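Comments concern the structure below.
The values are calculated or read from the model by the stated rules, or taken from the named source; none is laboratory data. This one's a predicted model, so the numbers in the text were calculated from it and none came from an experiment. Here the Cβ positions follow ideal geometry from the backbone for every residue, glycine too, while neighbour counts run over all protein chains shown. Areas reflect the complete protein model, heavy atoms only, side chains present, ligands, DNA and RNA absent. Shrake-Rupley method; radii C 1.70, N 1.55, O 1.52, S 1.80 Å.
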Amino acid sequence: MFKRIMVPVDLAHAERLEKALGVAEDLAQHYGATVVYVGVAAATPSSVAHTPAEFAAKLTAFAKARAAQSDVTAEAHAMTSHDPSTDLDPTLLKAVGETGADLVIMASHIPNITDYVWPSNGGTIAGHAKVSVMVVRA
């Protein structure tokens, strides 16, 4: 049913994504799908990486470690954005096409008052992606 499952990953907060990662890897095992971990970083230094190349290398290492841990086929797809805090949604929507994903599984937070002012990333992706999107509440 699914061949390529895209999972957005924030390497600075990977420990908060465990539930969504587990769901994606479980479905990948079930369907024999490839999990594509997508990370978005700025071109400027951050707490995760100093350069886009270093970020891509760390995302690739993350994908390899997750693949070994869960026995799935995995890939990394690093993207650079001028300002990930404002460009995240359009960048992730672009990644859906670039990765050939037919399912997106992403983590979400428990809604709070700010969600009435600013939409969640999961809600925006689900509303605009041309593929199925599963939002997993942490």
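Data for the structure
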| item | result |
| --- | --- |
| Relative contact order of segment 16-59, pairs being alpha-carbon contacts under 8 Å that are 6 or more residues apart, as % | 23 percent |
| All aspartates and glutamates inside 13 Å of Lys58 as judged from Cα atoms, apart from same-chain residues fewer than 8 positions distant | Asp10, Glu75 |
| Per-q log10 I(q)/I(0), segment 40-82, q = 0.15, 0.16 Å⁻¹ (Debye; single scatterer per alpha-carbon; no solvent) | -0.37, -0.42 |
| Accessible area per residue, Å², the chain with all protein chains present, probe 1.4 Å | 55 Å² |
| Estimated [θ] at 222 nm from DSSP helical runs (n ≥ 4, -39500 (n - 2.57)) normalised by residues in the chain, nearest 500 | -13500 deg cm²/dmol |
| Alpha carbon convex hull of the chain, volume per residue in cubic angstrom | 99 Å³ |
| Computed over the chain: relative contact order in percent, which uses C-alpha pairs under 8 Å that are six or more apart | 29 percent |
| Gain upon complete extension [Ala53, Ser120; 0.36 nm per residue less C-alpha separation] | 21.3 nm |
| Formal net charge of residues neighbouring Ser46 (Cβ-Cβ distance under 14 Å; K, R +1; D, E -1) | -2 |
| Spacing of the two label points (7 Å from each Cα toward its C-beta) at Lys19 and Ala65, in nm | 2.2 nm |
| Net charge of neighbours whose Cβ lies under 13 Å from the Cβ of Leu21, counting Lys and Arg as +1 and Asp and Glu as -1 | -2 |
| Segment 1-77: C-alpha gyration tensor shape, a/c 1.5 cut-off, then a/b vs b/c | prolate |
| Accessible surface of segment 40-82, 1.4 Å probe, proportion on carbon and sulfur as whole % | 57 percent |
